[in-house]
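Read the structure below first, then the notes.
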Amino acid sequence: MPFQSSSPPRVPATVAPTAASSASPPSAPSDGAITDVAGIEVGHFSDMRRPTGCTVIISRDGAVGGVDVRGAAPGTRETDLLAPGNFVQQVHAVMLAGGSAWGLAAADGAMRYLEEQGVGLDVRFGTLPIVPAAVLFDLPMGDARIRPDAESGYAACVAASSAAPAEGNVGAGSGALVGKLFGVDRAMKGGIGTASVTVNGVTVGALIAVNSLGDVLDPDTAQVVAGARTADGKALLDTRRALLRGEVPKPLLAGTNTTIGVIATDAVLTKVQANRLANVAHDGLARAINPVHTMSDGDTLFVLATGRVALADDAPGMTVLGTMAAEVVARATLRAVRAARSVKTDKLDIPCASDLMRSGHSPVTRN
């Protein structure tokens, strides 16, 4: 049985559009997008058979890469080469996908597409695209045998552009859920979101696929926006407070969650600095998700530095850049759930944040 969404189909085929207005609430003000960083393109593939998909972030000219894996149950590819002491200096794309470890196959499609475009590292015998990847677990949403593959990754690349990417139930965020600590049936819809900031001529943007075990909070108010619901499903539970007052969570399978994303900047960075920026960017997840970096999350953030703008100086420049990175990660995480729409599958009826707001039952219980 095909899944149902409360929003109309965005496209007639399997490739999701890149216009942000097609997936975001009409009233949602823009926080910018990762594609505000010159040289960055984004493409989504959303599978119409069930809520799953993949999202590619492309830097055709190459970008200095970094990564930081904080969750205890990651599903990743090509992260070791991003270590500062290793040979490869530039990345040509990052693939984010649903489908758990099976979804890593989407990166093969990105490699094929980029090779056809002549994008990659010259290794004498061919052009080798460097495509790290990370996946999230969205298998509860519909038929788990359907997951992103190489053709999905290729389709995402075909759809890539420098336009502001769609948010919510698209790409890697198609089957994402949040607030699963007390059972998937009490969770809410996650998604994918983007944001950017520019300070003194330097731009930092983020694209985050939010499939967290924990709740998503507004980083400015610390109020829960989406997450675990009360037993009757009508209000937000507040997972942090529930745990602290002794409520017992459901047994968990490791790796069944995970928030993944990419931070891009036009700043000139070394690999050491790119890895440090990825490290600091996780502060944004900590502001917007609680609990975060759990044993059942594989939280992973990549950095792409296109190197078009020089930092004014080293230490103060990196401090400002780190503040910007954490900010856009927090904003993009919040936008992911605000842009999300409710979804029904054979076994699950998952509401979104706007559903609870419309019903008047969104306030968190304080019992």
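What are the residues in the stretch 230-258 that are touching a Leu at 6+ places or on another chain (Cβ under 6 Å) and open to solvent by less than 30 Å² (accessible area, probe 1.4 Å), if any?
Scanning the stretch 230-258 gives 230, 239, 257, 258.
Six or more apart or on different chains, Cβ atoms under 8 Å: show the pairs whose first residue is in the stretch 323-347 and more than 18 Å from residue 304 (Cα to Cα) and whose second is among the acidic types (Asp, Glu).
The qualifying pairs are 331/31; 334/218; 335/31; 335/167; 336/167; 339/167; 342/349; 342/355.
Output the residue which, of all residues in the stretch 194-210 that are over 12 Å from the mean Cα position of the chain (by Cα) and aliphatic (A, V, I, L, M), is surrounded by the fewest Cβ atoms within 10 Å (Cβ to Cβ).
Among those that are over 12 Å from the mean Cα position of the chain (by Cα) and aliphatic (A, V, I, L, M), it is 199.
Where residues in the stretch 75-110 are in a helix (DSSP H, G or I) and free of Cβ contacts under 8 Å to residues at least 40 places away in the same chain, which of them is farthest from residue 43 (Cα to Cα)?
Result: 80.
State whether the residues of the stretch 169-188 include one that is charged (D, E, K, R), surrounded by fewer than 24 Cβ atoms within 10 Å (Cβ to Cβ) and farther than 21 Å from residue 357 by Cβ.
Looking through the stretch 169-188, none of the residues is charged (D, E, K, R), surrounded by fewer than 24 Cβ atoms within 10 Å (Cβ to Cβ) and farther than 21 Å from residue 357 by Cβ.
Within the set of pairs 6+ apart or on separate chains, which have a first residue in the stretch 235-249 that is in contact (Cβ under 8 Å) with a residue 40 or more places away in the chain, a second that is open to solvent by less than 70 Å² (accessible area, probe 1.4 Å) and part of a helix (DSSP H, G or I), and C-beta atoms under 8 Å apart?
Sorted first by the residue in the stretch 235-249, then by its partner, the pairs are 235/356; 236/356; 237/186; 249/243.
Got a sec? Which of 244, 236, 252 is in contact with a helix residue (DSSP H, G or I) (Cβ under 9 Å, 6 or more places away or on another chain) and either modelled with pLDDT under 95 or at negative phi (or both)?
None of the other options fit; the residue is 236.
The values are calculated or read from the model by the stated rules, or taken from the named source; none is laboratory data. Since this is a predicted model, take the numbers as computed values, not measurements. No Cβ is skipped: glycine too gets one built from the backbone with ideal geometry, and neighbour counts run over all protein chains shown. Surface accessibility is based on the protein's heavy atoms, side chains included, excluding ligands, DNA and RNA. Shrake-Rupley method; radii C 1.70, N 1.55, O 1.52, S 1.80 Å.
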